[in-house]
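Colleague: Take this structure, written in structure tokens, and hold onto it; I'll ask about it next.
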Amino acid sequence: MGIEANLPEGVLLTTVDTILNWGRENSLFPIPYATACCGIEFMSTVSSAYDIGRFGAEAVRFSPRQADMMIVAGTVNYKQAVILKRIYDQMAEPKWVISMGVCACSGGFYDNYAVVQGIDEIIPVDVYIGGCPPRPEAVLDAVMKLQGKIETESAKTSHLDTVPVDTVKR
Ligand code: SF4
């Protein structure tokens, strides 16, 4: 038995982190960075059949300043890399990234000079989704994994460890 037993009825004990993280994880604003076929699968994920709104992430934004969860869906080549980094930098803090599909995660079968071999060469990634393309259920699973990660974060520290774009290997 702890201090809770001696509190007046209706008093709730929690921490600032718990309250902030609860709000953040249940009101994610996704911005899709869709460059290829995985983008079509992302459209399925936000459709009524799969209803990403059950996880508080249905308000898709196409302005980085209104978004906090970037979903990179598709192949990213080096000409795109600078654009991806700039859009990521324009997102509000705190922000998170889901890498959707093998192309975004590792270049996939596009193992050539033009394609970035994983977007984590450019921006930090919080959750990776394998598959070609991943099914919408896998995207929902990634959102839930991200929610679990957000639960453990502290408002005092930043989770960011951005790789400068000029370190991108060519
Ligand atoms: S992982 Fe497959 S489905 Fe997704 S962008 Fe690459 S080739 Fe297309």
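Colleague: Compute the long axis of helix 78-90 from its Cα atoms, compare it with the longest principal axis of the Cα atoms of the chain, and write down the angle in degrees, 0 to 90, nearest 10.
Modeller: With rounding to tens, the tilt is 20 degrees.
Colleague: Could you check which residue among ILE52, ILE119, ILE19 shows the biggest mean-square fluctuation in a GNM of the chain with a 10 Å Cα cutoff?
Modeller: With Cα springs under 10 Å in the chain, the top fluctuation among ILE52, ILE119, ILE19 is at ILE19.
Colleague: Charges only on Cβ, +1 for Lys and Arg, -1 for Asp and Glu: so what's the dipole of the chain about the Cα centre, in debye to the nearest 20? Show your work: numbers first, answer last.
Modeller: Numbers: 14 positive and 20 negative charges, 132 e Å.
Roughly 640 debye, rounded to the nearest 20.
Colleague: Of all chymotrypsin sites (Phe, Trp or Tyr not before Pro) in segment 45-142, which ones are in loop regions per DSSP and have a Cβ with at most 11 other Cβ atoms within 10 Å? The partial results should precede the final answer.
Modeller: Details: sites: TYR50, PHE55, PHE62, TYR78, TYR88, TRP96, PHE109, TYR110, TYR113, TYR128; in loops: TYR50, PHE62, PHE109, TYR110, TYR113.
Taking segment 45-142 and a limit of 11 other Cβ atoms within 10 Å, the loop chymotrypsin sites (Phe, Trp or Tyr not before Pro) found are PHE62, PHE109, TYR113.
Colleague: With +1 assigned to the C-beta of every Lys and Arg and -1 to the C-beta of every Asp and Glu, and no other charges, what is the dipole magnitude of segment 16-91 about the Cα centre in debye, to the nearest 20?
Modeller: The dipole of segment 16-91 has a size of about 340 debye.
Colleague: Take LEU7 and ILE19, extend 7 Å from each Cα along the Cα→Cβ direction, and tell me the distance between the two endpoints in nm.
Modeller: 1.2 nm
Colleague: Could I ask something else about it? Build a GNM of the chain with springs between Cα atoms under 10 Å: which of SER154, SER48, SER27 gets the top mean-square fluctuation?
Modeller: Evaluated over the chain, the most mobile residue of the options is SER48.
Colleague: Using Cα pairs under 8 angstrom and six or more residues apart, how large is the relative contact order of the chain, in percent? Before the final figure, lay out each step's value.
Modeller: Numbers: 290 pairs, mean separation 39.9, N = 170.
Relative contact order for the chain comes out at 23 percent.
Colleague: Still on this model: Please build a GNM for the chain, connecting alpha carbons under 10 Å apart, and tell me which residue among GLY148, GLY130, GLY118 fluctuates the most.
Modeller: GLY148
Colleague: Using helices alone, I'd like the mean residue ellipticity at 222 nm for the chain: each DSSP H run of four-plus residues gives -39500 (n - 2.57), total over residue count, nearest 500.
Modeller: Calculated at 222 nm, the ellipticity per residue is -9500 deg cm²/dmol.
Colleague: Hey, what angle do you get for helix 16-25 against the long axis of the chain, alpha-carbon based, 0 to 90 degrees rounded to 10?
Modeller: That helix lies at roughly 40 degrees to the long axis.
Colleague: Now a separate question. Solvent-accessible area per residue for the chain at a 1.4 Å probe radius, Å²?
Modeller: Heavy-atom accessible area per residue stands at 56 Å².
The values are calculated or read from the model by the stated rules, or taken from the named source; none is laboratory data. Fair warning: this is a prediction, and the values are worked out from it, not measured in the lab. Heads up, the Cβs are rebuilt from the backbone with ideal geometry, glycines too, and the neighbour counts pull from every protein chain shown. These accessible areas exclude ligands, DNA and RNA; they are computed on the full protein's heavy atoms, side chains included. Shrake-Rupley method; radii C 1.70, N 1.55, O 1.52, S 1.80 Å.
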